[in-house]
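First the structure, in the form of structure tokens, and then the observations on it.
Each reported figure results from applying straightforward, stated rules to the coordinates on display, with no laboratory input. Note that this is a predicted model, so its numbers are computed, not measured. Cβ: placed from backbone, ideal geometry, glycine included. Neighbour counts: every protein chain shown.
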Amino acid sequence: MALAEGNAAATAAPADEESEPPPAAPGAAAAAAAASAATSFSAARPARLPLARVKALVKADPDVSLASQEAIFILARAAELFVETIAKDAYLYAQQGKRKTLQRKDLDNAIEAIDEFAFLEGTLD
């Protein structure tokens, strides 16, 4: 409430006086930064998993009866991050082979070398 009163008092000052502009609300700078980050974030991420497909995959599991839209979004985002991580790690192996194209052996090498991907061992066979 005090924030609203402070902004109202700042706008009530006469226009012909030279004064500093009213202080911005504490959240205004953060909101502007978040808006610019969201713009660059979406521009940096051209490929997103379609939520309808993710929802269809979730519904295909007989153990899942209901899933909220937020849960579907989080699952899609987690899958995007997972694919990005394994692709970057596999690309390092492609670069070692002086290639720019990922091959299955690059994924196999990343899965074998990185402990985070141990649960994937044998899945590409």
Can you give me the long-range amide H partners of residue 114? Hydrogens built in the peptide plane at 1.01 Å from N, cutoff under 5 Å, separation of 5 or more residues or another chain.
none
Once phi is turned into ³J(HN,Hα) by the Karplus curve 6.51 cos²θ - 1.76 cosθ + 1.60 with θ = phi - 60°, what whole-Hz value does each residue of the range 96-110 show in order, with x for glycine and proline?
4, x, 6, 10, 10, 9, 6, 10, 4, 5, 5, 5, 4, 5, 5
Applying 1/(1 + (r/R0)^6) with R0 = 35 Å to the Cβ-Cβ distance of residue 103 and residue 77, what FRET efficiency is obtained, to the nearest 0.05?
0.80
Karplus-derived HN-Hα couplings along the range 53-66 (A = 6.51, B = -1.76, C = 1.60, θ = phi - 60°), whole Hz, x at Gly and Pro
5, 4, 4, 5, 5, 5, 5, 5, 7, x, 7, 9, 9, 9
Under a crude label model (7 Å from the Cα following the beta-carbon direction), how far is residue 68 from residue 120 in nanometres?
3.0
